[in-house]
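Before any comments, here is the structure.
The values are calculated or read from the model by the stated rules, or taken from the named source; none is laboratory data. Note that the structure is a prediction, hence the values are computed from the model and not measured. Using ideal geometry, Cβ is built from the backbone for each residue, glycine included, and neighbour counts are taken over all protein chains shown. These accessible areas exclude ligands, DNA and RNA; they are computed on the full protein's heavy atoms, side chains included. Shrake-Rupley method; radii C 1.70, N 1.55, O 1.52, S 1.80 Å.
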Amino acid sequence: MAGSITVTVTDDAGKPLQGAVVFLDSSDGASALPVGNGRAVMDQIDKTFVPQVLVVTVGTDVSFPNSDQIRHHVYSFSEARSFELPLYAGTPAEPVRFPTPGVVVLGCNIHDWMRGYIVVVPQPLFATTGADGRASISGIPAGNWRVSGWHPDVAEHRSTPGGEIDGAAPASTASISLAIKRKLQLRRAPAGRGTDRY
């Protein structure tokens, strides 16, 4: 029988954290689920990555269409996947494959305020927290599973472990506290100020 888990994620001040990614990974090697070469899209709309956070499983091919009327130059220097898509419009011919679990931080060389994140998870067992800081995952096979969480505002772009669960249990609960980086927000250039050359 498949199990389920409800995870509560709070920040380091104890407040519920919305938009956190919660995911499971096999801790014994025997409970791993098969993952295939999926496909996903990270768009660029109004000089913003859409969605800001994209969760994919290992091996997923992600395409990066540019829906703006200007060109973008997408890149990442992240350990999980570094790549570069030089200045372009439209959609690059080839998607980018993400074969390694981890957090990939995206940027644009032309528009410094653009930030996006691709969270590459090892198993198709993940969810995103709501306003109450809770996320539920069901269909968990029997076995030992690590529970981890991540949020765009964490102090480091690495997942935080939240303990282990037994997938054979009908229902489990877990809690994760994420240390949030209190940072200055980058601001866009005001509308009408300056001219995009790209």
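Within the stretch 17-36, does at least one residue satisfy the condition of being closer than 18 Å to residue 123 by Cβ, hydrophobic (A, V, I, L, M, F, W, C) and in contact with a His (Cβ under 8 Å, 6 or more places away or on another chain)?
Pass one, the stretch 17-36, residues closer than 18 Å to residue 123 by Cβ: 20-36.
Now drop any that are not hydrophobic (A, V, I, L, M, F, W, C), which leaves 20-24, 30, 32-33, 35.
Retained after the next criterion (residues that are in contact with a His (Cβ under 8 Å, 6 or more places away or on another chain)): 20-21.
Yes: one or more hits.
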- Query: Restricting attention to the stretch 1-48, which residues are surrounded by fewer than 16 Cβ atoms within 10 Å (Cβ to Cβ), among the charged types (D, E, K, R) and closer than 30 Å to residue 70 by Cα?
  - Reply: 39, 46
- Subset of the stretch 53-65, residues farther than 14 Å from residue 117 by Cα and crowded, with 21+ Cβ neighbours inside 10 Å, comes to 60
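Within the stretch 137-175, restricting attention to residues that are of a type in the set (Gly, Ala, Ser) and open to solvent by less than 20 Å² (accessible area, probe 1.4 Å), which residue is farthest from residue 52 (Cα to Cα)? Steps first, please.
Looking only at the stretch 137-175, we keep the residues that are of a type in the set (Gly, Ala, Ser), and these are 138-139, 142-143, 148-149, 155, 159, 162-163, 167-169, 171-172, 174-175.
If we keep only those that are open to solvent by less than 20 Å² (accessible area, probe 1.4 Å) too, we end up with 143, 148-149, 167, 174.
On the way: 143: 33, 148: 20, 149: 17, 167: 31, 174: 26 Å.
Of everything passing the filter in the stretch 137-175, 143 is farthest from residue 52 (Cα to Cα).
Need a quick list: strands (runs of 3 or more DSSP E) entirely within the stretch 1-111 having at least 3 residues that are small (Gly, Ala, Ser) and within 21 Å of residue 144 (Cα to Cα).
Numbers: elements: 3-11, 21-26, 39-41, 43-45, 48-50, 53-57, 60-63, 72-77, 82-88, 96-98, 102-108.
Where strands (runs of 3 or more DSSP E) fall fully within the stretch 1-111, none carries at least 3 residues being small (Gly, Ala, Ser) and within 21 Å of residue 144 (Cα to Cα).
How many residues does the stretch 114-146 hold that are outside any loop (DSSP other than H, G, I, E, B), within 25 Å of residue 31 (Cβ to Cβ) and either among the basic types (Lys, Arg) or touching an Asp or Glu at 6+ places or on another chain (Cβ under 7 Å) (or both)?
As a first pass, look at the stretch 114-146 and keep what is outside any loop (DSSP other than H, G, I, E, B): 115-121, 126-128, 134-140, 144-146.
With within 25 Å of residue 31 (Cβ to Cβ) added as a condition, the list becomes 118-121, 126-128, 134-140, 144-146.
So of that shortlist, the ones also either among the basic types (Lys, Arg) or touching an Asp or Glu at 6+ places or on another chain (Cβ under 7 Å) (or both) come out as 134, 144-146.
Qualifying residue count for the region: 4.
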